[in-house]
1. Here's a check for you: in the range 14-39, which residue that is part of a helix (DSSP H, G or I) and acidic (Asp, Glu) is nearest to Asp120 (Cα to Cα)?
2. Mind listing just one residue for me: the one in the range 105-132 that is without any contact (Cβ under 8 Å) to a residue 40 or more places away in the chain and not charged (D, E, K, R) and, of those, farthest from Glu80 (Cα to Cα)?
3. Which helices (runs of 4 or more DSSP H) sit wholly inside the range 136-225 and have at least 1 residues that are touching a strand residue (DSSP E or B) at 6+ places or on another chain (Cβ under 6 Å)?
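We did not get these values from a lab; they are worked out from the coordinates using the rules stated. Keep in mind that what you see is a predicted model, and the values were worked out from it rather than measured. Every residue, glycine among them, receives a Cβ derived from its backbone with ideal geometry; neighbour counts consider all protein chains shown.
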Amino acid sequence: MTISVLTIFPELFDGIRKAPIIRRLQEAGTLTLQLVDIKDFAGGSFRHIDDSPYGGGAGMILRFPPLLAALEHAKGMTPEIPAHTVILTPAGHPFRQADAHRLGQEEHLILICGHYEGMDARINEYAQEQISIGDYVLSGGEVPAMVLIDSITRLAEGALRKESTEDESFENGLLEYPQYTRPAVYDGKAVPEVLLSGNHEAIRRWREEQSRELTQKNRPDLWKS
Ligand code: ADE
């Protein structure tokens, strides 16, 4: 899979490039992470990366020509494979675990990070979808893009053992049950007895019950649906 990120701050991705799963997939040749600096496409007659909005208003808008040129460049990475382009914006549809699974099937995913007050809306016509990571406004699409990259790549073949992603939160519509490790008692806090019982059926039932209770308490919206 190839993931291309269009950003005006490629250096923000230095950390995630070194993340163990991303490195492992890149070394195995199953992932290519390409950073495209939108600023590199703001030359020539298009000197500025941003400009004030038509119609007036606060802030600056990322200009359309450098965005489009950067997108065409990213698409050129895999000329024979059509890319799936996503714009990160608080105005997008909410990102869910199912989206991570779905987008992980794409051979070439292009993520466009907005900045300033946003980007010229003409770029939307070149994207398949717009995604938001939550109902809050961040200063740019870089952190949201990293959220997508992390959640998608950890599901990839060879990233983690299958069992470690099968039982986790959202995979079955419920939040994951609590987990414990040694020591069995510490600072007066004991691990639930049942987990030490060796009774696999009792443990399975306890975990299921915990998942239900936690979901009802913390995510009544998930519980209802
Ligand atoms: N850019 C700024 N805020 C965002 C959000 N919540 N989701 C996606 N992109 C964003």
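1. Here is the first cut: in the range 14-39, the ones part of a helix (DSSP H, G or I) are 14-17, 20-27, 38-39.
From what's left, acidic (Asp, Glu): 14, 27.
Details: Asp14: 27, Glu27: 37 Å.
The selected residue is Asp14.
2. Step by step, filter the range 105-132, then rank; the result is Ala121.
3. Because the criterion is at least 1 residues that are touching a strand residue (DSSP E or B) at 6+ places or on another chain (Cβ under 6 Å), the helices (runs of 4 or more DSSP H) in the range 136-225 that meet it are 142-153.
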